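S.K.: This is the structure I have questions about; it appears just below.
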Amino acid sequence: MIQDDIFARLLTFPNVLVTGHQGFFTGEALTAIAAATIENLSSFEGTGVAAHQIAPVRS
């Protein structure tokens, strides 16, 4: 659950409906996810480094 004062306040209104985000669930999005996954695996297999790395958050 999101811990946010504004979000919590919105949930108190009877005319607010919260739904999950389904934007990733299109044919195009799933194809892109699969292609990026295969590219990462192929890159890692060949070089030891994934093509699309996520940098750690610096604090």
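No lab work stands behind these numbers, since they all come straight from the coordinates. What you see is a predicted model; the values in this text were computed from it and never measured. Methodologically, a virtual Cβ is constructed for each residue, glycine included, from the backbone with ideal geometry; neighbour enumeration extends over all protein chains shown.
S.K.: Could you tell me which residue of region 9-42 is nearest to Ile54 (Cα to Cα), considering only residues that are aliphatic (A, V, I, L, M) and over 16 Å from the mean Cα position of the chain (by Cα)? Even if it seems obvious, please write down each step before you answer.
M.R.: First, pick out the residues of region 9-42 that are aliphatic (A, V, I, L, M): 10-11, 16-18, 29-30, 32-36, 38, 41.
Then drop every residue that is not over 16 Å from the mean Cα position of the chain (by Cα), which leaves 10-11, 16-18, 38, 41.
Working: Leu10: 32, Leu11: 33, Val16: 34, Leu17: 33, Val18: 29, Ile38: 16, Leu41: 14 Å.
The extreme case among them is Leu41.
S.K.: Right, something else. Condition first: of a type in the set (Val, Ile, Thr), exposed (fewer than 10 other Cβ atoms within 10 Å of the Cβ) and assigned to a loop (DSSP other than H, G, I, E, B). Can you find one or more residues in region 15-25 that meet it? Working first, answer last.
M.R.: Within region 15-25, the first condition is being of a type in the set (Val, Ile, Thr), and the residues that meet it are 16, 18-19.
From what is left, the residues that are exposed (fewer than 10 other Cβ atoms within 10 Å of the Cβ) are 18-19.
Filter again for assigned to a loop (DSSP other than H, G, I, E, B), leaving 18-19.
Yes, region 15-25 has at least one match.
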